[in-house]
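Undergrad: Take this structure first; my questions come after.
Read-outs: derived from the displayed coordinates by stated rules, not from any lab. Quantities reported herein were computed from a predicted structural model and do not represent experimental measurements. Neighbour counts run over all protein chains shown; Cβ positions are idealised from the backbone, glycine included.
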Amino acid sequence: MSKRALITGITGQDGAYLAASLLGRGYEIFGMVRRSSHAGVADHRLRWLGIADKVTLLDGNLLDLSSQIRIIQDVKPAEVYNLAAQSFVSASWQQPYLTGEITALGAANMLEAVRIVAPEARFYQASSSEMFGLVQEPVQSETTPFYPRSPYAVAKLYAHWMTVNYRESFGLHASSGILFNHESPLRGVEFVTRKVTDAAARIKLGLQKELRLGNIDAKRDWGHARDYVEAMWLMLQQDTPDDYVVATGRTTTVRDMVEIAFAHVGLRIEDHLVIDPAFLRPAEVDLLLGNPNKARETFGWEASISLEDMIVEMVDADLKRVASQAA
């Protein structure tokens, strides 16, 4: 009998890649999705990966504990992956309460539902490198103190510590992945990497003239989401639950990332890049650089896709998308 996995946020970038990975391992996949008036639009990432008809989507909401209890009772999952969140950092300043409800209290609801209905299930919480914020160490590991710099990061920190608390208080097999920035062709266009690759495609095709960004000197540790979902699964296969940094160990400026994308299509950033103060954050995170040694030593995980290969893949995918839309 195949294992069953329940994924919240299954229609997002990570949820879609994780679902595809688990299907390849013989899992039966269920995804919790909130009710939307845009039926058939939200699952576009699952359709892009060719797996939309291979997963079962169930109506539920992170803010509705009763729906989570019902779903877990019906599915009886061996593994629960909580990936759902209000995950756009910039929006968290405009919607701090909503971010807190969904990203923080939503995770607490999932933990409580698992504790009540399926305490033997293994639980994964999607923590974030944004929790390090104003970094206290030049390279961040599992022991680096947190200093969140956005409502999103504060909410993620609550969810992270609640996962630790439920593990220690109730004996749940609950682990957190402190994932550094991870991207892909499935990334939302509001995030800086997709904004850049989409702009490179549109400028190359003559549909756009400029790319407007804020702080291009910010440094990030960027990996590929396809690599990172493998680390999620590996965490839940360990005998003992724990928390792990998932990162490449390499940091790159936004400027350099733009250079890679534009160079791939023969563009010069000085001809098209505009610095716009409107895109500056109220409190900036200047540097993120993860130390993935614990994950490598514990279960052999390390990033396999380079930043350059990832950006090229994203630009090529956007060229195809934009060209088909313009046709």
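Undergrad: I need the phi-derived Karplus couplings for segment 209-215: 6.51 cos²θ - 1.76 cosθ + 1.60, θ = phi - 60°, integer Hz, Gly and Pro marked x.
TA: 10, 9, 10, 9, 9, x, 7
Undergrad: Quick one: if you stick a label point 7 Å off each Cα along the C-beta vector at Tyr147 and Lys76, how many nm between them?
TA: Result for the modelled spin labels: 5.0 nm.
Undergrad: What share of the DSSP beta bridges in the chain is antiparallel, in percent to the nearest 5?
TA: Taking every DSSP beta bridge with both residues in the chain, the antiparallel ones total about 5 percent.
Undergrad: Highest first, please rank the peptides 232-238, 122-128, 318-324 by the mean number of other Cβ atoms sitting within 10 Å of their residues.
TA: Packing proxy ranking, top to bottom: 122-128, 232-238, 318-324.
Undergrad: Just the C-alpha atoms of the chain: what Rg/Rh do they give, with Rh taken as the Kirkwood radius?
TA: Using Cα coordinates only, the ratio equals 0.96.
Undergrad: Cα gyration tensor of segment 9-160, axes a ≥ b ≥ c as square roots of the eigenvalues: rounded (a/c below 1.5), prolate (a/b > b/c) or oblate?
TA: prolate
Undergrad: Show the residues, 5+ positions off or on another chain, whose built amide H is closer than 5 Å to the amide H of Val246.
TA: Those lying under 5 Å, H to H, from Val246 are Ile178, Leu179, Phe180.
Undergrad: Sticking with this one: Helix-only estimate, please: 222 nm mean residue ellipticity of the chain, summing -39500 (n - 2.57) across DSSP H runs of length 4 or more and dividing by its residues, to the nearest 500.
TA: -12500 deg cm²/dmol
Undergrad: May I pose another question? Can you list residues from other chains, or at least 5 along the same chain, whose modelled amide H is less than 5 Å from the amide H of His173?
TA: Phe123
Undergrad: Another question, if that's okay. Test of understanding: what is the full-extension gain from Arg47 to Glu302, defined as 0.36 nm times their sequence separation minus their Cα-Cα distance?
TA: Gain in length upon complete extension: 89.0 nm.
Undergrad: Under 5 Å between amide hydrogens, which residues at least 5 positions from Ile7 or on another chain qualify, with H placed 1.01 Å from N in the peptide plane?
TA: Hits under the 5 Å cutoff: Phe30, Gly31, Met32, Tyr81.
Undergrad: Using the Karplus equation 6.51 cos²θ - 1.76 cosθ + 1.60 (θ = phi - 60°), what ³J(HN,Hα) coupling, rounded to whole Hz, does each residue of segment 170-186 give in order, writing x for Gly and Pro?
TA: Result, ordered by residue: 10, x, 5, 7, 10, 10, 10, x, 8, 7, 7, 3, 9, 10, 4, x, 8 Hz.
Undergrad: Can you bin segment 49-119 into rounded, prolate or oblate? Criterion: square roots of the alpha carbon gyration tensor eigenvalues sorted a ≥ b ≥ c, rounded for a/c under 1.5, prolate for a/b above b/c, oblate for the rest.
TA: It comes out oblate by the Cα gyration axes.
Undergrad: While we're on this one: In terms of Cα to Cα distance under 13 Å, which aspartates and glutamates are near enough to Lys294, apart from those fewer than 8 places away along the same chain?
TA: Glu142, Asp242, Asp243, Glu302
Undergrad: Please work out whether segment 243-306 counts as rounded, prolate or oblate from its C-alpha gyration tensor, where a ≥ b ≥ c are the square roots of the eigenvalues and a/c under 1.5 means rounded, while otherwise a/b larger than b/c means prolate and anything else oblate?
TA: Oblate, because a/c is 1.5 or more while a/b does not exceed b/c.
Undergrad: Looking only at Asp286, Asp243, Asp221, which one moves most when the chain is put into a Gaussian network model with springs between Cα atoms under 10 Å?
TA: In this elastic network of the chain, the residue with the biggest mean-square fluctuation among Asp286, Asp243, Asp221 is Asp286.
Undergrad: Also, quick follow-up: What percent antiparallel are the DSSP beta bridges of segment 122-274, to the nearest 5?
TA: 10 percent
Undergrad: Pull out the extension gain between Thr253 and Lys320, defined as 0.36 nm times the separation in residues minus the alpha carbon to alpha carbon distance; nm, one decimal.
TA: The Thr253-Lys320 span can extend by a further 21.5 nm.
Undergrad: Peptides 268-278, 63-73: what's the order by average Cβ count within 10 Å, highest mean first?
TA: Most protected by this proxy first, the peptides run 63-73, 268-278.
Undergrad: Follow-up. When N is the residue count of segment 193-287, what does its C-alpha Rg come to as a fraction of 2.2 N^0.38 Å?
TA: Ratio of Rg to 2.2 N^0.38 Å for segment 193-287: 1.37.
Undergrad: Apply the Karplus parameterisation 6.51 cos²θ - 1.76 cosθ + 1.60, with θ equal to phi minus 60°, to every residue of segment 300-317 and state each ³J(HN,Hα) to the nearest whole Hz, in sequence, with x for glycine and proline.
TA: Couplings: x, 8, 7, 5, 10, 10, 6, 4, 4, 5, 5, 5, 4, 4, 5, 4, 4, 5 Hz.
Undergrad: May I pose another question? Rank by packing, highest mean first: peptides 74-83, 289-298, with packing defined as the count of other Cβ atoms within 10 Å averaged across residues.
TA: 74-83, 289-298
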